[in-house]
Amino acid sequence: MAFVSGANASAGGTHVKGFDGAACCLRKNNRGCGYARSPGGKKSRMLVNMNADATQAASASDTLELVEGENTAVGVMRELGAESAPPFRGRVGIVLVNIGTPASTSVGDVREYLRQFLGDDRVVDIPKLLKAILLNLVVLPFRPKKSAEAYKRIWDEERGSPLLFHSEDLAVKLRALLGERYCVELGMQFGEPSVYGAMERFRRSGVDRIVVVPMFPQYASSTTGSAAEIVYKEAAKLYSTPYLHMIPAFYDHAGYISAYARVIERATGPKCADVDHLLMSFHGVPQNHCTRTDESGSYCQKVPECCSRITQFNRNCYRAQCFSTARRIAVELGVPEGKYSVAFQSRLDAAGPQWITPYTDESIVTLAKRGVKKLAVVVPSFTTDCLETLEEIGLEGRDEFLENGGEEYVLVDCLNADDQWAEALVQIMKDSCPLDTFDL
């Protein structure tokens, strides 16, 4: 062949035997080809829009096989001709990343999910030998059976996992809001549909530019940090690595705050008038997950009321971000100080003995014994209902409240696929991404 593309250029499948330079470097499938982007070291930007008529340049007359020794100057000159097409703009991928869910409520499926989840070094960050002993000899032999029973209590007979089907419903709404240029996929850190599966679907759809949305409003190493690490590792497995944009924590974004306030208001009335108290329960993390984000080493737990405001020192502190969220939701609702409080749930002893306080289960009991008769609980660290909201707070929390003197217990839904939340999430992405990502 007189025209040789080279192994790296052809690996993507666009440089094929029989195409001269005028054909293969004008084709729509060469978006990842450096040869097409800059032949001879010059950035000629010869990529064309996939829908443009210019793609017809790769016609049958352009694909005649070149024989050895034939002059390729004509083909090369056509590649360096005057640019006439607009800059290529492919589809944008959006992957909604969440922790994940077991495939079913069977003990085997739950054990496999827990093995992946608890095996993540950011979720349980203790010495590897100790971790292996705890997981294989203490946790995995016994906990899956108990967890499977808990999942059965919240599993939908028709749709299965609430976290999964609410996420699917949200993806459907985002696709309707964004249009065909945007490809929305789910990617679970553990279980299916996986992050790598989303990357593969993007690749097959011609998507190279991906917006990664960790569905965790507040930053924590065990959630957002783990999601980022998994996404980068899975994306790196592809030959043509995609271009990733990671959406940051949105704990204080006006759209998220307003959407959650409206969901709470529907359940508790204006200014939470229909209940005695609103408890905002956030997922807990080990205390050292917060301390390690203080790079100065002189602020976290060393300054009185260190979570009372966001500063340079605690900007990545999960607990500080949770309190900021709570304060902003309270202002949006118009709830007076003293009628709401903050607590942290879901302690896991295997991940560390000291967790951030106060604890949700203890707070529920204390509020009941204090005389609160009507209690509403919302979990703003979750955007989607799951085991931790529906079973731990919705069922176990209710029992604790009623057993200690409470009379009425209201679990506020998560944002799930709420219409206002879907619109707010689009705005969150637009506010974070480069200006030309969302041409809506």
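The values are calculated or read from the model by the stated rules, or taken from the named source; none is laboratory data. Please read all numbers here as calculations on a predicted model, not as lab measurements. Don't worry about glycine lacking a Cβ; one is built from the backbone with ideal geometry, like all the others, and counts go over all protein chains shown. Heads up: the accessible areas ignore ligands, DNA and RNA and are worked out on the full protein's heavy atoms, side chains in. Shrake-Rupley method; radii C 1.70, N 1.55, O 1.52, S 1.80 Å.
Here's the picture: a label point sits 7 Å out from the Cα of residue 431 along the beta-carbon direction, and within the range 252-274 the residues with their amide nitrogen under 14 Å of it are 252-261. One chain, two ends: residue 241 and residue 149. Fully extended at 0.36 nm per residue, the span grows by 29.0 nm beyond their Cα-Cα distance. With a threshold of 23 Å on the Cα-Cα distance, the over-threshold entries among 339/369; 145/369; 173/430 are 145/369.
Only alpha carbons enter this Debye calculation for the range 96-159, each as an equal point scatterer, and the log10 of I(q)/I(0) it gives at q = 0.23 Å⁻¹ is -0.98. Normalised per residue, the accessible area of the range 202-326 is 42 Å², obtained with a 1.4 Å probe and no contribution from ligands, DNA or RNA. Given the range 204-351, what whole percent of its Cα pairs are spread farther than 27 Å? Percentage above 27 Å: 35.
Hey, any idea what % of the range 291-440's accessible area is carbon plus sulfur with a 1.4 Å probe? Result for the range 291-440: 46 percent of the exposed heavy-atom area is carbon or sulfur.
The largest-to-smallest principal axis extents of the Cα set in the range 304-440 are 56, 37, 36 Å. In plain terms, the chain from residue 403 to residue 331 could stretch by 22.8 nm, reckoned as 0.36 nm per residue minus the Cα-Cα distance.
For the range 256-325, a Kirkwood hydrodynamic radius built from all Cα pairs, placed in the Stokes-Einstein relation at 4 °C and 1.567 mPa s, yields a translational diffusion coefficient of 93 µm²/s. Across the accessible surface of the range 91-138, with the other protein chains kept in place and a 1.4 Å probe, carbon and sulfur atoms take up 64 percent. The stretch between residue 271 and residue 175 holds 31.2 nm of extra length on full extension. This uses 0.36 nm per residue minus the Cα-Cα distance. Treating each Cα of the range 310-377 as an identical point scatterer and summing with the Debye formula, the log10 of I(q)/I(0) at q = 0.15, 0.17 Å⁻¹ comes to -0.63, -0.78. So if I take the centroid of the Cα atoms in the range 229-265 and the same for the range 411-440, what is the distance between those two points in Å? Here the answer is 10 Å between Cα centres. Taking every alpha-carbon pair in the range 183-267 and binning the separations at 10 Å intervals from zero gives 16, 43, 27, 12, 2 percent. Here the label points at residue 254 and residue 374, each 7 Å from Cα along the C-beta direction, are separated by 3.2 nm in the simple model.
Dividing the alpha-carbon radius of gyration of the range 84-219 by the rule-of-thumb value 2.2 N^0.38 Å gives 1.28.
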